[in-house]
Amino acid sequence: ATGDGPMSANSRQKGAAFERAIARQLHDETGITFKRDLRQYQEQDHGDLVPSDDAWPFLIECKAYATGADMRPAWWEQAATAAAKTGAHPAVIYKFNNRPPRARIAMGAIAEAHGGTPDAPGWVETDIAGLAYVALEIMARRAE
């Protein structure tokens with residue numbers, strides 16, 4: 001998804017291309033297949049990417065914009081609200097033109113990945129490889 005209001009066809013295409021690129025990168029990092037969740041356009045509280053593995057611990061929102069320097073608070077609120085309804089950790093993967101994608105993930109996810117409490121406050125910024133590492137660590141702990 002690329003915005004907070006009505007989307008033009010061009011911004012929808014840009015968002016879809018970004019989601020596909022992130023799905024490929026996450027697959028390369030984890031071996032898990034991700035597909036775009038087309039329900040995101042009809043219903044609220046769905047992430048943008050659906051994993052093939054039900055153990056995946058994140059609800060992912062993807063945002064691609066031409067300009068900007070930091071994630072918008074509304075994006076995090078959207079992801080956190082949707083994640084809370086599914087029991088997942090929120091993750092927002094965002095990108096501005098000519099900059100690498102970044103991922104904001106809940107600090108509780110990092111805590112859980114390392115044996116701590118999953119309700120730790122706050123969030124951290126990482127890259128896609130960092131998000132994948134935390135996800136795989138959580139999945140391994142939950143499978144024990």
Selection count where residues are modelled with pLDDT of 95 or more and more than 10 Å from the chain's Cα centre (by Cα), scope the range 59-71: 0
Pairs with Cβ under 9 Å, 6+ apart, first in the range 7-23 and under 21 Å from ILE128 (Cα atoms), second loosely packed, with under 15 Cβ neighbours inside 10 Å and of a type in the set (S, T, N, Q): ALA23/THR33
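Quick one: in the range 12-44, which of the residues that are small (Gly, Ala, Ser) and surrounded by fewer than 17 Cβ atoms within 10 Å (Cβ to Cβ) is modelled with the lowest pLDDT? If you could, list the steps in order and put the result at the bottom.
Keep residues of the range 12-44 that are small (Gly, Ala, Ser), which gives 15-17, 21, 23, 31.
When the remaining residues are screened for being surrounded by fewer than 17 Cβ atoms within 10 Å (Cβ to Cβ), the result is 17, 21, 31.
Values: ALA17: 93, ALA21: 96, GLY31: 98.
Looking at the filtered set, the residue picked out is ALA17.
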Criterion violated by ALA109 - all others in (1) touching a strand residue (DSSP E or B) at 6+ places or on another chain (Cβ under 9 Å); (2) more than 24 Å from ALA16 (Cα to Cα); (3) among the hydrophobic types (A, V, I, L, M, F, W, C); (4) open to solvent by 70 Å² or more (accessible area, probe 1.4 Å) satisfied: (4)
Candidates ALA84, ALA103, ALA140 - the one that is within 25 Å of ARG24 (Cβ to Cβ) and under 15 Å from the mean Cα position of the chain (by Cα): ALA103
Residue among THR117, THR67, THR81 that alone is open to solvent by 20 Å² or more (accessible area, probe 1.4 Å), assigned to a helix (DSSP H, G or I) and among the β-branched types (Val, Ile, Thr): THR81
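I'd like to verify a number: residues in the range 134-144 that are in contact (Cβ under 8 Å) with a residue 12 or more places away in the chain and open to solvent by 70 Å² or more (accessible area, probe 1.4 Å), how many?
Our first condition is that a residue be in contact (Cβ under 8 Å) with a residue 12 or more places away in the chain; within the range 134-144, this holds for 134-139, 141-143.
Within this subset, residues satisfying the condition of being open to solvent by 70 Å² or more (accessible area, probe 1.4 Å) are 141-143.
Number satisfying all stated conditions: 3.
The values are calculated or read from the model by the stated rules, or taken from the named source; none is laboratory data. These figures come from a predicted structure and were not determined experimentally. Counting neighbours? That spans all protein chains shown, and the Cβs are built from the backbone with ideal geometry, glycine included. These accessible areas exclude ligands, DNA and RNA; they are computed on the full protein's heavy atoms, side chains included. Shrake-Rupley method; radii C 1.70, N 1.55, O 1.52, S 1.80 Å.
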